[in-house]
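The values are calculated or read from the model by the stated rules, or taken from the named source; none is laboratory data. Note that this is a predicted model, so its numbers are computed, not measured. When we count neighbours, we look across all protein chains shown, and the Cβ atoms used for this are built from the backbone with ideal geometry, even at glycine. We work out accessible area using only protein heavy atoms, side chains counted, and drop any ligands, DNA or RNA first. Shrake-Rupley method; radii C 1.70, N 1.55, O 1.52, S 1.80 Å.
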Amino acid sequence: MWHASAPRTSGMVGLSLGEKHFIQGGIAHDLRCDGRKRLTYRRISVETGVIPHANGSAQVRIGGTDVIASIKAELGKPSLLQPDKGKVSIYIDCSSTAEPAFEGRGGNELAAELSIALQRCLLGGKSGAGAGIDLSSLIVVEGKICWDLYIDGLVVSSDGNLLDALGAAIKAALCNTGIPRVQVAAGTSNDEQPEVDVSDEEFLQFDTSGVPVIVTLTKVGRHYIVDATSEEESQMSSAVSISVNRQGHICGMTKRGGVGLDPSIILDMISVAQHVSAQLINKLDSEIASAEAEEET
């Protein structure tokens with residue numbers, strides 16, 4: 001399990017004292033400003049195949065937050081430390097049109113924080129232990145040839161819960177990803193770099209069964225909520241982001257905000273995240289299946 005500082009909230013939200021009390025009071029009474037309960041998500045929609053030249057891509061909208069993830073696969077060489085694993089890189093770009101605060105340095109800093117958080121959430125520790133993406137499945141010839149996956153995320157519009165939305169978009173894009181079938185020439189000696197033939201027609205579906213979802217629980221007052229809007233995030237004392245896979249196993253956890261949390265509270269949050277993640281995974285499965293079916297027609 002890893003611990004690191006998670007991304008800050010997106011942008012600065014200017015609220016009057018009355019608006020702040022309204023948000024906090026609504027959460028205390030389990031009735032948020034938009035009518036949701038504390039553990040209810042906004043509407044989630046998924047569209048796949050949105051970038052034609054990528055190996056896989058998806059656009060995810062959660063309420064007013066809109067993000068795109070694309071995946072490009074290129075043949076490369078495994079690292080000396082991990083000769084039996086491929087490589088994955090994640091880069092996030094925060095569009096300045098999504099949020100005025102993303103202009104210049106603010107957007108670059110947030111993008112870097114989101115990239116690091118997603119890397120740790122999906123790729124486990126430095127050894128690859130706990131990785132949500134199976135790096136060994138990217139090997140073509142051990143120690144010599146592997147697939148390198150370049151995952152690019154773009155924040156199109158921002159209304160809170162960016163980390164969870166980007167995690168969902170990457171999961172959907174991986175479901176949409178086809179890796180070309182590779183034939184390795186026979187008779188190559190151990191010292192030589194093997195010759196390969198990359199198919200233009202045959203593609204292997206990427207295995208996403210272990211890819212987790214990210215559930216961020218945002219503490220406002222004495223309660224915590226899921227899928228916080230920007231206005232709600234501006235009132236938070238702390239937030240814990242937990243990545244959970246289909247089996248309910250915790251792949252990663254991170255906290256932001258200056259207020260400390262009692263260990264018993266964190267254990268409760270983990271339990272809530274596991275419960276909520278099962279619903280989120282089912283919802284994403286349904287949305288991804290519909291999007292893939294629509295893309296094929």
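Before moving on, here are some points about what is shown:
- Area projected by the alpha carbon convex hull of the range 193-237, averaged over all directions, nm²: 7.4
- Measuring nothing but protein heavy atoms, the accessible surface of the chain at 1.4 Å probe radius is 51 percent carbon and sulfur.
- Label zone at Asp148 (point 7 Å along Cα-to-Cβ), backbone N below 16 Å, the range 161-177: none
- Under-5 Å amide H pairs with Val88, H placed in peptide plane, nonlocal only: Leu149
- Entry note, the range 2-296: relative contact order of 23 percent, from Cα contacts under 8 Å with a spacing of 6+ residues.
- Cα-Cα over 27 Å, subset of Lys20/Lys283; Lys37/Lys72; Lys72/Lys144; Lys85/Lys283: Lys20/Lys283; Lys37/Lys72; Lys85/Lys283
- Each pair of Cα atoms in the chain enters the Kirkwood radius, and Stokes-Einstein at 10 °C and 1.306 mPa s then converts it into a translational diffusion coefficient of 79 µm²/s.
- Sorting 263-270, 238-245 by their mean Cβ neighbour count within 10 Å, with the most densely packed peptide first, gives 238-245, 263-270.
- A Förster radius of 30 Å, combined with the Cβ-Cβ distance separating Leu17 from Ser264, puts the computed FRET efficiency at roughly 0.40.
- Solution diffusion estimate, µm²/s, Stokes-Einstein, the range 170-225, Kirkwood Rh from C-alpha pairs, 20 °C, viscosity 1.002 mPa s: 139
- Order of exposure, largest accessible area first, which applies to Asp207, Asp152 with probe 1.4 Å: Asp207, Asp152
- Ordering of 224-232, 81-89 by packing [mean C-beta count within 10 Å, highest first]: 224-232, 81-89
- Amide H contacts of Val215 (H built 1.01 Å from N, in plane; Pro and chain starts excluded): Ile242, Ser243, Val244 sit under 5 Å, all sequence-distant by 5 or more or on other chains.
- Choice from Val155, Val67, Val272 with maximal GNM fluctuation in the chain (Cα, 10 Å cutoff): Val272
- Heavy-atom accessible surface of the chain, averaged per residue, reaches 48 Å², computed with a 1.4 Å probe.
- Gyration tensor over the Cα atoms of the range 160-272: the corresponding equivalent ellipsoid has semi-axes (square roots of 5 times the eigenvalues, largest first) of 43, 15, 12 Å.
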